[in-house]
Every structure is written in C-alpha cells, then in structure tokens.
Amino acid sequence: MPEDKSGALGGKDVPDLKQQLLNMQRHLGLNPNEVRQRLRLLLINDTGFDCLGAHLPTLDHLHAECIEALLQHLEQFDEPARLLSHPGRLTALKGQQQTYFRQLLRGPYDLQYVRLRLLVGLTHERLGVDLKWYLAAFHFYLDFMHRAINRQWRDEPKLAEQLYGSLLKVAFFDLSLTVDTYSSAGKMALQASEDRYARAVQGASDGLWEWHVEDDRLHVSERWLAMLGLDAGRAPRTLVDWAALIPELQRGGFLAAVQSHLDGRQPYLHVECEMRDSWGRLLWVMIRGVAATDLHGEHLLAGSLTDISQRKQTEQELAHMVLHDELTGLPNRQQVSQLLTQALQRQAKPGARHAAVLFIDLDRFKLINDSLGHQVGDQVLIQVAKRIERCLRPGDHLARFGGDEFVVLLDDMAVAGDAEVVAKRIMHALQYPIIAASRRLSVSVSIGVAPLKGHGGQQDVLREADLALYRAKAFGKSQLALYSEALQEEVNQRLNLENALSEALAQRQFELFYQPIVQVSAGRAHAVGVEALLRWRQGARLVSPDEFIPVLEESGEIVEVGEWVLQQACAQVRQWQQQGLSTLRCSVNLSSRQLQEQGFPNRVAQILRETGLPPSSLVLEITESLLMRDVPDTLAALRELESMGIRIALDDFGTGFSSLGYLHRYPLHIIKVDKSFITRAPDDERLKAISRAIIGLGRGLDMDVIAEGIETPEQMDFLHNEGCNFVQGFWFSRPQSALDIYPVLERLSLKPPAVNAADHQAAIVL
C-alpha cells in the first residue's frame, strides 16, 4: 500500500530520489520488453482490462469501503498507529490510497506505470516502512475485495469470478514490482556499503587479516603485505608464520594476547609490537581483532594491522623530552629521581660496591646571566656540562638538576674516596676559561658530596648532597665539602635555633645588656653613652649573639627584633637621663634589613616621640658591609636620620673593604675602631701604625673616634698617647643588664676615676 510521499519528495531530496528511481530501474532491468513479459507471465490481457473498465464506479465505491476498513485494522498496531495519528496524515493517506487503486484498475500498464509503482516502493523503503506491513495490507485488500465483489455480484457469480480474477492479476503485478523494489534497494545499499568499505580500506593505511582458528589458515590483504614489503608468495599462511615476523622478546606476548581473547578473558585483541619487514627493518604495528563465527559455524579471528611507527617515534621523543633537559640534552630532575631509586635498590643488596652523589653548583653564574644575557649563559651551561661529562666513567650519570645546578651519580666505585677524586677532577677541568660569544669567561663550581647508602630514599640523598654543597659555598668559590653526620646535626641545631627564635620575642626571652662608652680627658674617664647589646636567654643558658644574630638576619625577623631593641634601649636611656645621667647617649646597632625597610626613619622618629629621648641622644651604628651595597635608598635614609639630629657611627672600621669614599659620601659622625687592631697594637708596629692612621683620619675629618675592646693598661696608654678620647671595653665594664650596669654608670658619671694605668689600677671596673 502507498505511504505519504510529500516529505520524502520535497525540496532537495527530489533529485536524489529521482536518481535512485533510475538506478533502481536499471538494476531491475525494467524496460518495455520486460514489462510486457511480466504482463504475459501473469496472463494480463485486454479482455480482463475491459471487464474491469465496465464496472469502475462500483469498484471505486468498494475501494473506498476497503480503505476505511484497512485503516481501522492498522490502528490496532503500534507502528502504523503512530503514522496515522499525525495531524492531517489520515486524510492525505485516504486520498493517496484512492488514487493508487484508481490507477490499479485503469492502467495503462506501461513503463510509466511501472516507474510510479517503483516510486511507491522506494518511498516506503526510505521511510522505513517494513515489507511485512505492505504485504499484510495487500492481503487485507485482496481478502476484503474478494468478499465485497462476491456480495455485490452474488446474482452473477461468473462475472464476480472474472472481476476478482482480473483484479488479482493486476494486484500481483503491483505486488511483484514492490517486492522487487525492496529487494533491489537492499542489494543496492549493501553494494554501496561494500563499495564504501572497499574505498575506505584502499585509502586507509590499515592492512586486513582473517585467521581460521580450527585449521590455522591465515589470509592477509594486499595492504597488509605492502606494509612489510612482502609479495603474495611470501605471505604468512598460519599464525605461527605471522608470529615469526615478530621479535622473539615480543612474540610470546602476541600469542598470549590471541589466546586470552579466544578464551574470553579479553573482550578483543589489541597488541602493539614490532614486526620485521622484508628488508630486516623493525616497524611498530598495532594489531586489532575480534573473534566471530561464520555462517558455517567456523571460528574466525579477524581484524586490522596498522603502522604506528610514526606515533611510537613521537611518543619516544615526548618521553625523552619529559626525562631530559632541553638545553643540554642531559637527564633532568625527574630522571634523576628514577636513577637514584634504582641505585638505592642496588645498594641495598649484599656485596654492593660504593656509590655517591655529587651536587654541583656554578659559582656566581647569575653575574654571567645578568651582565651578558641568558644566551651566553646557556652556552656556558652547555660547555660546563660537556666538561663534566668528560670527567666521568661510562657507567656514571650526569643530569641537569635545574638552573646552574648539576647532579652526578657515581655508581660501582671500589672505594668511597673515589667520589672525592672525581669531584676534584671536575673542579680542575673547569679551571680553564670557557669561550662564549667571543669572550673568555672564568667559571668555577662548588661541589657537595654525599654517599649512597642502602637505606633511605632518593630525596634523603639529594638533601644530604645539597647540605654538603651549602657548606662548600659557605667556604667561598671553587670549594668541595663532604656530607657527614656532624653536618646534619649542625643543620638540625640550626633549624631548632630558628624555630626557637621565632617564639623568643613573644615569650620575652630577649633582653638588653649595656656597655659604657667612656670619654677620657685629662687622665679622667666619664661615661658619655652606652651601647645596647642584644642577648637571648634560653632557660639558664645565655646564647651568644654570634649564634643567633645571623639567623635573625637570614630569616628577616631581625626587623621586628631590631625595632624592639630600639624601643627598649631608647626608653631605658631616657629613664637614666631622668635619674640624673642627663648627657648619656644611646648607641644601637642597625641591620641592613632595618635600614632598607620602607619608612624606617619615620618609625625611628615615632619611637623617639614615644620614649621622649632627644634625637641628639641617639647613635645608630652601621657596618661597612651595609655601605658596600651602595643602595640609593640607604643614602637617602641616612640623610633623613641625620636631618633629625641623630648621629651615625661606622662600626668595626677597618675590618671590611674600607674605603675613604664612604667617609665623605655618607653622613657619618663617628668611627669605631675594631678591637682586632687595638688588642695587639701596643706590641705590633704595623697594627699600631694602622690604628694611629685611623685615629688621625677621624680627627682630620672632624669625626669622633671610639676604640673598642680596651682591656689592658697598655692599650689605654697607647690610645691616650695617640689622642683617642673615646673608648669602650672590659677595662671599664663588661656588658651587663640595665640593673647591674646602672651603678657603674653612676660611678663613671658622678665621680670620674683616674685612668692612668700606673697610678690608678684600682679604678678598673669589671
């Protein structure tokens, strides 16, 4: 029965459908001769047509009744019911069915008629109307019309028989055409699919294969053979023949995968392996397949063979990039971890030989990058890597750990001391200048050495080597240091110290000691100031400043602690001033971090206001190392402090890179001569000359000179003779707490003692 063709024949689908109709006609061989042959075969002749033509009105009426009954019948089934429920679909369908039946009875049964019937069948097939519905509808139609015709012409049984016989013939003519249409459409679709598949296979890089399991027969495609450079005569005939093309180390995996799939343990066959081509070369392939059973019940395994050599090469390149440094081509940090893990496993085995790690860092490499650029720096790194590599044995590993750091893994050494020998060899190899960008550059390295033990992880080894490197760099350029348990203990103590220091201020463990600064004049001594000195009390232990001040500097906590020192010292000296020591000055040491803090002068001014200490009573002591940085902000801060009336003292003068430029460029008012000159000056002519020169320089620049570390009468006599009027040291007092130092200050202020060593030794205050 016909279906609604309006949607299928509308718009851009019309040309496609017409082309399909022509293709269908050619595929069935329907031409005028074929049509006439089909009519003769069904005994359709003009006599029958005349009979039908004489009773068309009555037959049309019966057709209308048949259509109503048919549609009611079809509504009982889900699929037809869905089609008939569409709005307007039912009315359109009735009209089309009526037209179809009118053509069925009237003909003419020529090639055009045949094309219209093919179009009906093709439309049904395209719309997905299954053939069973068409056949069922035709059966309903013939059954209905048989009963209707016999009822209509019950008085004329011969006429009824003739009418139904003619109707049956033309109905079967239509039915045969429709069945042929469905069949031909299926064959044409299958052929099209096979053609597409053939084109796809031909255009693809895959080779096809099929293995008959029971009798071990292998069939491969031409593309399969071409991938391996084989001809039909050398094609593998069995699975064993195929496996022989796979390297022996991978062959077992391939056969095991095949068996695993056949046994049902794997849903499909998927293997990546190498195969040897006819020229002996290995190429990577991916073998995919799935088991099936053919129409004869024979078990098959069929699939494809894909050349994945390019993918594997890309994967290998990516894997190399992941584990190697792009600049030097050396193993990177990630691969170092893998190598160390493997080495540690070997060391854990009985009888293992010695192994060690060298942690190498270029000295002052940042200077090369900053001054000459990173391109030159990269050239240096490449050449350094090559020189280090030439110092190693074939079994050793060199890696770039990051930046200007390298790691060497020395394995299988006869004695532990060989690691140090290799390290010295590397340092010697880098003594000679490196040529980069037409420049001769001197490059040196510092090296930390750590032994590889059979316990611990790779991170422990790297940490130990890094600790040794840290120690080496602390000694200066081109140094070597070995890891030891003592070094680890030292680091642990440092860590504990840092942790304790972070809580010391909050727990009020810091306190200030004070040491008098004394003016000597006319054989008399008078306290003009005190230097505030920070102390840290841990329980009963008084920790040396040499231990904790560098830690505070490195951590940055010196800024907070330094502000506390300034606050406490100013408040204490102001209290003493109010108790009668009105001219007493307060000297406080400054950290470079403090001076570089934004707004530091303002903070000093605020502290002075809060404590009431006059700015002229405050002396801030700085070191030469701070001035060496030559930071513009430092000069600006010092000038701002000077403008407030605060005096600036240069501490430990002569121990650093002393420069006269400091004395005229920076606002300095006091020079403090380091005790290392004063201690031996009376007995050492060279130190005596240096001390005399410093004292003379200060007088010449109208600066006060304070000599530190005065402990003996000889030192006092020397300074008195040289005209140094300000001194500080144990000769007058050790640093003491505020409570203990106050009586000393009172004595030095209210009743100045004689200071001539020969006549006044009893005046020594300890």
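Any read-out appearing in this document is the output of simple, stated calculations on the displayed coordinates, not a laboratory observation. The structure displayed is predicted, hence computed values, not measured ones. Heads up, the Cβs are rebuilt from the backbone with ideal geometry, glycines too, and the neighbour counts pull from every protein chain shown.
Kindly flag which residue pairs out of K18/K187; K477/K672; K453/K473; K366/K424 have an alpha-carbon separation exceeding 29 Å in this structure.
With Cα atoms farther than 29 Å apart: K477/K672.
Determine, for each peptide in 19-29, 112-122, 297-307, 585-595, the mean count of other beta carbons within 10 angstrom over its residues, then list the peptides with the highest first.
Top to bottom by mean Cβ count within 10 Å: 585-595, 112-122, 297-307, 19-29.
Just want the ordering: E75, E642, E214, from fewest to most Cβ atoms lying within 10 Å of their own Cβ.
Numbers: E75 14, E642 18, E214 9.
Final ranking by Cβ density, sparse to dense: E214, E75, E642.
Determine, for Y100, Y514, the number of other Cβ atoms within 10 Å of each Cβ, and report the residues in order from fewest to most.
Ascending Cβ contact count within 10 Å gives the list Y100, Y514.
Among [x] 28.3; [y] 38.5; [z] 33.1, which is the computed Kirkwood radius over Cα pairs in Å?
Working out Kirkwood radius over Cα pairs in Å from the coordinates points to [y].
Expressed as a fraction of 2.2 N^0.38 Å, the rule-of-thumb size for a compact globular protein of N residues, what is the C-alpha radius of gyration of the stretch 423-484? Display every interim value, and only then the final one.
On the way: Rg = 14.4 Å, N = 62, 2.2 N^0.38 = 10.6 Å.
Normalised by 2.2 N^0.38 Å, the Cα Rg of the stretch 423-484 equals 1.36.
Hey, if you put +1 on the Cβ of every Lys and Arg and -1 on every Asp and Glu Cβ in the stretch 324-483, which of A468, I360, V422 ends up farthest toward the positive end of that dipole?
Going by the Cα projections, it comes out as V422.
Give the order of K672, K473 when sorted by the count of other beta carbons within 10 angstrom, beginning with the fewest.
Sorted ascending by nearby Cβ count, the order is K473, K672.
Let me know the Kirkwood hydrodynamic radius for the stretch 508-763, please, with Cα pairs as the basis and the value in Å to one decimal.
Taking every pair of different Cα atoms in the stretch 508-763, averaging 1/r and inverting gives 18.8 Å.
In nm, to one decimal, how far is the modelled label at R217 from the one at E489, with both set 7 Å along Cα→Cβ?
Taking the simple label geometry, R217 and E489 are separated by 8.4 nm.
Reachable aspartates and glutamates from K158, Cα under 17 Å, same-chain residues fewer than 8 places away excluded?
D50
Counting helices only, and only those DSSP H runs with n ≥ 4, report the 222 nm mean residue ellipticity of the chain as the sum of -39,500 (n - 2.57) divided by its residues, in deg cm²/dmol to the nearest 500.
Details: 30 runs with 411 residues, N = 766.
The per-residue figure over the chain is -17000 deg cm²/dmol.
Could I have the simple spin-label model distance between R680 and Q507, label points 7 Å from Cα toward Cβ, reported in nm to one decimal?
4.1
Using θ = phi - 60° and the Karplus form 6.51 cos²θ - 1.76 cosθ + 1.60, what ³J(HN,Hα) does each residue of the stretch 685-693 get, whole Hz, x for Gly and Pro?
5, 5, 5, 4, 5, 5, 4, 4, 5
First measure r as the distance between the Cβ atoms of K366 and A437, then evaluate 1/(1 + (r/R0)^6) with R0 = 22 Å and state the FRET efficiency to the nearest 0.05.
0.80
From the residues A437, L52, T634, which one has its Cα farthest along the dipole of the chain in the positive direction, the dipole being from +1 and -1 charges on Cβ of Lys/Arg and Asp/Glu about the Cα centre?
L52
Viscosity 1.567 mPa s, temperature 4 °C: what is the translational diffusion coefficient of the stretch 204-314 from Stokes-Einstein with a Kirkwood Rh over Cα pairs, rounded to a whole number of µm²/s? Walk me through the numbers on the way to the answer.
On the way: Rh = 14.3 Å.
Stokes-Einstein gives a translational diffusion coefficient of 91 µm²/s.
Assuming R0 = 51 Å, can you tell me the calculated FRET efficiency for the pair L168 and S85, based on Cβ-Cβ distance, to the nearest 0.05?
The calculated FRET efficiency here is 0.95.
Quote the charge dipole size of the chain about the Cα centre in Debye, to the nearest 20; the model charges only the Cβ of Lys and Arg (+1) and of Asp and Glu (-1).
Roughly 1120 debye for the chain.
Would you mind computing, in nm to one decimal, how far apart the modelled labels at H428 and A348 are, each placed 7 Å from Cα along Cα→Cβ?
3.7
So between E34 and H664, what do we pick up on full extension, going 0.36 nm a residue minus the alpha carbon distance?
Length gained between E34 and H664: 214.5 nm.
Taking 0.36 nm per intervening residue step and subtracting the Cα-Cα distance, what contour gain separates K312 from H27 on full extension?
Result: 97.8 nm gained on full extension.
Roughly speaking, what is the centre-to-centre gap between the stretch 429-498 and the stretch 49-97 when only Cα atoms are used, to the nearest Å?
Here the answer is 98 Å between Cα centres.
Efficiency by 1/(1 + (r/R0)^6): what FRET value for D702 and E640, r their Cβ-Cβ distance, R0 = 25 Å, to the nearest 0.05?
Working from the Cβ atoms, E equals 0.70.
Extension gain D130-L159, at 0.36 nm per residue separation less the Cα-Cα distance, in nm?
My answer for the length gained is 6.9 nm.
Show me, for the stretch 222-236, the HN-Hα J-couplings you get by feeding each phi into the Karplus relation (A = 6.51, B = -1.76, C = 1.60, θ = phi - 60°), rounded to Hz, glycine and proline as x.
Result, rounded to whole Hz: 4, 5, 4, 5, 4, 4, 9, x, 9, 9, 4, x, 10, 5, x.
Per residue of the stretch 132-147, in order, report the coupling 6.51 cos²θ - 1.76 cosθ + 1.60 (Karplus, θ = phi - 60°) as ³J(HN,Hα) in whole Hz, putting x for Gly and Pro.
Listing the rounded values in order: 4, 6, 5, 5, 4, 5, 5, 4, 4, 4, 5, 5, 5, 5, 4, 5 Hz.
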